[in-house]
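Here the structure is laid out as structure tokens; the discussion comes afterwards.
The values are calculated or read from the model by the stated rules, or taken from the named source; none is laboratory data. This is a predicted model, so every value here is computed, not measured. Here the Cβ is made from the backbone with ideal geometry for all residues, glycine too, and neighbour counts use every protein chain on show. All accessible areas refer to the heavy atoms of the entire protein, side chains included, with ligands and DNA or RNA removed. Shrake-Rupley method; radii C 1.70, N 1.55, O 1.52, S 1.80 Å.
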Amino acid sequence: MGEPLLRMEGITKLFPGAKALDNVTFSVLPGEIHALVGENGAGKSTLMNVLSGIYPFGSYEGEIFYEGEACRFGRIKDSEKKGIVIIHQELALVPYMTIGENMFLGNEQGGAARINWDATYNKAAEYLKIVGLSESPHTLIKDIGVGKQQLVEIAKALAKNVRLLILDEPTASLNEDDSQNLLKLLLKFKSEGMTSILISHKLHEVEQVADSITILRDGATIETLVKGRDDITEPRIIKGMVGREISDRYPKRESNIGGVTLEVKDWTVYHPLYIGRKVCDKVNISVRKGEVVGISGLMGAGRTELAMSVFGGSYGADISGELFLNGKPIQLKSIRSAIANKLAYVTEDRKNDGLVLSQTLRVNTTLANLQRTSRFGWIIDKDQEVRFGGEYKERLGVKAASIEQHADNLSGGNQQKLLLAKWMFAEPDILILDEPTRGIDVGAKYEIYNIINELVAQEKSVLLISSDMPELLGMCDRIYIMNEGKIVGELSREEASQEVIMAAILQSSKGA
Amino acid sequence: MNRVTKFLSKNAMLVVLVLVLLFFEVLISLKNSTPLFLGNGSLLQPANLTNLIRQNGYVVILATGMLMCILTGGNIDLSVGSIVILVGAFSGFMMVNWHWNPYLSILLCLMIATLLGAWQAFWIAYVRIPPFVTTLAGMLVYRGLALVLMDSKGISPYPEEFINLFNSFIPNTTDPGAILGVSLIIGVAICALLIVTKIMSRLSKKRKGYAMESLPLMLVKTIVICAIILFVAWRLGQNKGIPVLLVLLGAVVFIYTYYTQNTVPGRYLYAMGGNEKAARLSGVNTKKMMFFAYTNMGFLAGIAAMVSVARFNQASTVAGTGYEMDAIGSCFVGGASAYGGIGTVGGAVIGAIFFGVLNMGMSIMGTNASLQDVIKGLVLLAAVIFDVLSKSRKQAA
């Protein structure tokens with residue numbers, strides 16, 4: 001076997017409160033398609049960001065060798081100069097610019113004083129031909145579909161003289177035809193000698209094109225499978241991805257489940273911007289009193305969108321379907337009415353959607369239900385507010401100097417607890433927790449699990465959305481599996497296992 | 001020591017205001033070789049104090065309204081000066097040309113002002129047209145409309161009854177003894193009211209077992225505030241008495257301070273400016289809040305128009321130009337964040353007084369008028385730089 005094109009050795013990357021990568025080793029041979037697989041949060045994207053210089057040298061430990069030479073990239077331009085180009089899952093195209101302008105954005109043709117538009121559009125047309133896209137380079141990005149946009153991204157990479165192409169979930173938002181086109185293109189590039197790294201959840205695609213597969217789990221390299229040497233079938237890959245034992249990371253609880261509190265029937269939601277794109281498709285779910293129900297699925301499966309559309313229509317357009325609260329049909333037209341009907345949605349993005357970071361713990365705690373601490377419904381009783389602030393801070397164990405401390409000075413775990421405090425202050429009966437333990441350390445996670453158990457002990461219902469499968473298996477009485485806007489499975493605690501969930505997701509992706 | 005620095009950083013603008021006041025006092029007393037504070041020409045001289053209030057009354061009112069807009073997310077209203085001119089024109093037609101009853105006219109003018117504000121508020125809140133653009137259009141349209149209606153000429157004179165409503169003093173006599181006596185009595189009464197409410201709130205906290213402010217701190221604060229009130233009452237009493245305008249300003253400041261600090265919608269303004277998405281997901285009707293802020297701005301611009309017209313005894317085609325900048329400047333100097341969510345009515349008032357003192361001090365010193373603008377511009381920039389830097393340092397910590 002020849003010298004690897006790329007070798008990453010002993011890469012360790014720390015985030016505040018979490019180890020994203022732990023001594024990862026990863027090498028790619030010239031001219032191969034190397035797949036990188038793993039669950040959400042396994043560290044795939046982080047590893048690629050280290051490689052491309054998004055996390056500059058010095059912010060991680062370890063060494064990168066490219067063509068046998070040690071590389072220390074300070075920024076993306078440095079890695080692009082070497083021909084390493086990454087195409088992110090979220091496309092980085094400017095909608096109101098033409099294909100040609102986008103293709104040479106940051107790589108403009110001509111001198112600094114004058115862009116040579118003739119060269120730009122002629123070259124753009126050439127590259128479009130290579131990727132097999134029959135569009136004029138003068139077309140605006142917003143006027144072409146996602147599949148074609150993905151091809152423009154690839155053409156853009158080619159324009160940078162790419163030698164190592166990294167694709168992060170390139171087919172996540174593509175339909176089957178477009179996906180197949182893209183994979184064929186990759187194989188064509190391979191025959192012309194290009195090397196690529198493919199990050200994908202769609203294991204059948206990986207099986208189809210990859211020469212070797214590296215599996216990451218919890219920020220560590222588990223194994224590398226090589227086509228022809230190892231078994232690279234889907235079940236084998238899944239085993240590598242999830243093969244971990246569940247210890248008692250989850251506090252025990254006695255389940256005491258009552259009647260159905262929330263029921264969602266035939267729930268269909270359309271994307272607010274892209275007309276005609278279904279985000280949730282005839283979803284049926286229910287939650288009972290004292291029950292923790294999980295929703296499993298990959299990123300972009302529509303879980304957050306489902307939760308938010310139920311929560312007073314805070315997401316989506318043309319929402320249709322029926323909602324039942326305690327058996328009675330109900331319409332929640334606004335977030336306010338959702339809160340009044342004892343629903344709470346604890347967002348996955350505590351910084352951007354959850355907390356008012358410039359305000360104090362006290363202000364954040366009471367925001368969702370200010371009426372509770374007000375006279376006549378609109379004059380805030382500040383003395384009482386101070387007392388409530390202290391009470392909820394204690395109850396949820398938020399570590400802060402005082403309730404007058406600003407929320408932006410709290411650690412991630414404490415912010416998450418504050419966010420929970422805020423919604424518990426609203427006194428809901430049904431809580432939708434969206435990724436409540438994302439990006440926080442193990443200790444804080446455990447405390448949050450305890451809070452969840454306490455909530456259901458008080459006969460509340462919890463809907464837990466999480467990408468952390470062991471967490472769902474450890475915490476839930478029942479798990480729904482969601483994929484591409486549809487519920488594709490429902491498992492009881494006894495039936496559920498990571499393999500079954502993964503298989504259900506992959507099964508449904510294949511069918512699409 | 002820690003407590004002192006904390007107080008200083010929290011009340012930085014107040015400290016700067018006091019320093020600027022002292023600075024001018026020293027300069028003026030040196031120039032005229034008069035005793036500090038009490039000499040002729042001092043800013044705190046009775047006639048000057050009265051003028052300070054008369055000249056800057058409109059800024060205080062507009063800054064209060066502007067603060068609501070800024071709180072929603074750093075949004076500003078460029079049209080307030082033009083609303084002042086246009087509403088002033090309407091008042092001129094009603095009271096001067098048509099001889100309508102002043103009270104009825106004021107009521108109608110305030111309604112018109114509110115409608116002018118609501119028109120813009122609708123586009124901003126419900127159609128999501130950027131406030132800068134909407135109010136820039138409003139600024140052009142309203143001023144242009146006023147000039148067309150007035151045929152580019154001022155309207156005067158106003159009826160005595162209307163002028164007195166804003167420009168008279170309490171008590172309304174010329175007997176110096178009575179003026180001083182009544183002014184001091186009012187000053188003492190306000191102090192007594194303040195002390196009683198402080199004690200009541202303290203007792204209620206004690207009864208419910210809530211945390212209380214430390215006693216010495218509360219005493220010092222109360223004594224300082226009372227001393228200032230009594231000093232102002234005494235000085236005003238030596239001139240013509242307490243201006244009715246000051247009572248109006250006091251009412252506006254009190255109402256909006258209470259609104260922002262103690263009511264649920266007031267809290268929503270702050271939450272929305274701090275993080276609009278989080279506020280929306282907490283059940284805050286952000287569109288409604290936005291609509292309120294800009295409609296209210298129109299209403300307050302209407303009050304400012306009445307004050308302005310009464311001061312000049314004329315509906316002028318120019319008095320109003322640039323008022324929006326005075327108001328915006330006052331808010332930012334007073335500690336409002338250019339990103340929204342941070343700022344107080346009290347701060348905006350301090351900002352307005354600050355600019356007033358700066359203007360008057362420089363006028364008394366005979367500073368070149370163009371140079372005055374240079375200084376004011378630099379002060380505004382310095383205030384916002386201070387705000388941004390203090391925030392970025394906090395984030396780094």
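Take the alpha carbon atoms of segment A:157-172, find their center, do the same for segment B:276-306, and report the distance between the two centers in whole angstrom.
Taking the Cα centre of segment B:276-306 as reference, the centre of segment A:157-172 is 47 Å away.
Once you average over the residues of B:277-290, how many Cβ atoms of partner chains fall within 10 Å of each Cβ?
Counting Cβ atoms of other protein chains within 10 Å of each residue's Cβ and averaging gives 6.
How much of the accessible area of the protein assembly as shown, probe 1.4 Å, is carbon plus sulfur, in whole percent?
60
For segment A:374-512, what proportion of DSSP beta bridges, expressed in % and rounded to the nearest 5, is antiparallel?
For segment A:374-512, the DSSP antiparallel bridge percentage is about 60.
Name the cysteines of chain B that stand alone by the Cβ rule: no other cysteine Cβ under 4.7 angstrom.
Those would be B:Cys69, B:Cys109, B:Cys331, since no other cysteine Cβ in chain B comes under 4.7 Å of theirs.
Give the total of Lys-Lys pairs in segment B:253-397 with Cα-Cα distances below 28 Å; include a pair only if its members are 8 or more places apart or on different chains.
7
Give the cross-link partners of A:Lys160 among the aspartates and glutamates, using a straight C-alpha distance below 13 Å as the criterion and excluding same-chain residues fewer than 8 apart.
Straight-distance partners of A:Lys160: A:Asp78, A:Glu80, A:Glu108.
Rank B:Leu27, B:Leu17, B:Leu116 by mean-square fluctuation in a GNM of chain B with C-alpha springs under 10 angstrom and give only the top-ranked residue.
B:Leu27
Leaving out ligands and nucleic acids, and using a 1.4 Å probe, what accessible area per residue does chain B come to in Å²?
47
I need the peptides A:47-54, A:371-378, A:226-233, A:387-394 ranked by packing, meaning the mean over residues of other C-beta atoms within 10 angstrom, with the highest value on top.
Those peptides, ordered most packed to least, come out A:47-54, A:387-394, A:371-378, A:226-233.
Treat each spin label as a single point 7 Å out from the Cα along the C-beta direction, and report the B:Val374 to A:Glu322 distance in nm.
7.7
Please list, by residue number, every one of the chymotrypsin sites (Phe, Trp or Tyr not before Pro) in segment A:209-293 that is coil in DSSP and has at most 13 other beta-carbon atoms within 10 Å.
Hits after loop and neighbour filter: A:Tyr274.
Using a Gaussian network model of chain B with C-alpha springs under 10 Å, which one of B:Leu180, B:Leu43, B:Leu149 is most mobile by mean-square fluctuation?
In the Gaussian network model the winner is B:Leu149.
Using the alpha-carbon centroid of each, what span in Å lies between segment B:14-42 and segment B:48-101?
Centre-to-centre (Cα) distance: 30 Å.
Based on the alpha-carbon gyration tensor of chain A and its eigenvalue square roots a ≥ b ≥ c, which shape applies: rounded if a/c is under 1.5, prolate if not and a/b is larger than b/c, or oblate?
prolate
Determine the shape class of the protein assembly as shown: with a ≥ b ≥ c the square roots of the Cα gyration tensor eigenvalues, call it rounded for a/c under 1.5, and otherwise prolate if a/b is greater than b/c, oblate otherwise.
Prolate.
Starting from the Cα gyration tensor of chain B, take the square roots of the eigenvalues, sort them a ≥ b ≥ c, and report rounded, prolate or oblate (rounded when a/c is under 1.5, otherwise prolate if a/b is larger than b/c, else oblate).
Rounded.
Peptide B:264-274: average number of partner chain Cβ atoms within 10 Å per residue?
That works out to 5 on average.
Out of the GluC sites (Glu not before Pro) in segment A:246-330, which ones are loop residues according to DSSP with at most 11 other C-beta atoms within 10 Å?
A:Glu254
For B:Lys208, go through the aspartates and glutamates and keep the ones whose alpha-carbon is under 18 Å away, minus same-chain ones fewer than eight residues off.
Excluding near neighbours in sequence, the set is A:Asp381, A:Asp383, A:Glu385, A:Glu391.
For peptide B:255-263, how many partner chain Cβ atoms fall within 10 Å of a residue's Cβ, on average?
Across the residues of B:255-263, the mean count of other-chain Cβ atoms within 10 Å is 2.
Using mean Cβ contacts within 10 Å as the protection proxy, how do B:83-95, B:253-265 order, highest first?
Packing order, densest peptide first, comes out as B:83-95, B:253-265.
For chain B, with a Gaussian network of springs between Cα atoms less than 10 Å apart, report the residue from B:Val374, B:Val80, B:Val60 with the top mean-square fluctuation.
Looking only at B:Val374, B:Val80, B:Val60, the biggest GNM fluctuation is shown by B:Val374.
Taking a 23 Å limit on the Cα-Cα distance, which of the listed pairs A:Lys460/B:Lys205; A:Lys77/A:Lys227; A:Lys13/A:Lys202; A:Lys13/A:Lys239; A:Lys252/A:Lys445; A:Lys19/A:Lys202 fall beyond it?
Over 23 Å apart, Cα to Cα: A:Lys460/B:Lys205; A:Lys77/A:Lys227; A:Lys13/A:Lys202; A:Lys13/A:Lys239; A:Lys19/A:Lys202.
Checking the cross-link filter: which aspartates and glutamates have an alpha carbon closer than 15 Å to that of A:Lys486, excluding same-chain neighbours under 8 positions apart?
A:Asp266, A:Asp281, A:Glu305
Kindly rank A:465-475, A:417-427 from highest to lowest mean number of other beta carbons found within 10 Å of each residue.
A:417-427, A:465-475
In segment B:89-196, what trypsin sites (Lys or Arg not before Pro) fall in a loop by DSSP, with at most 12 other Cβ atoms inside 10 Å?
B:Arg128, B:Lys153
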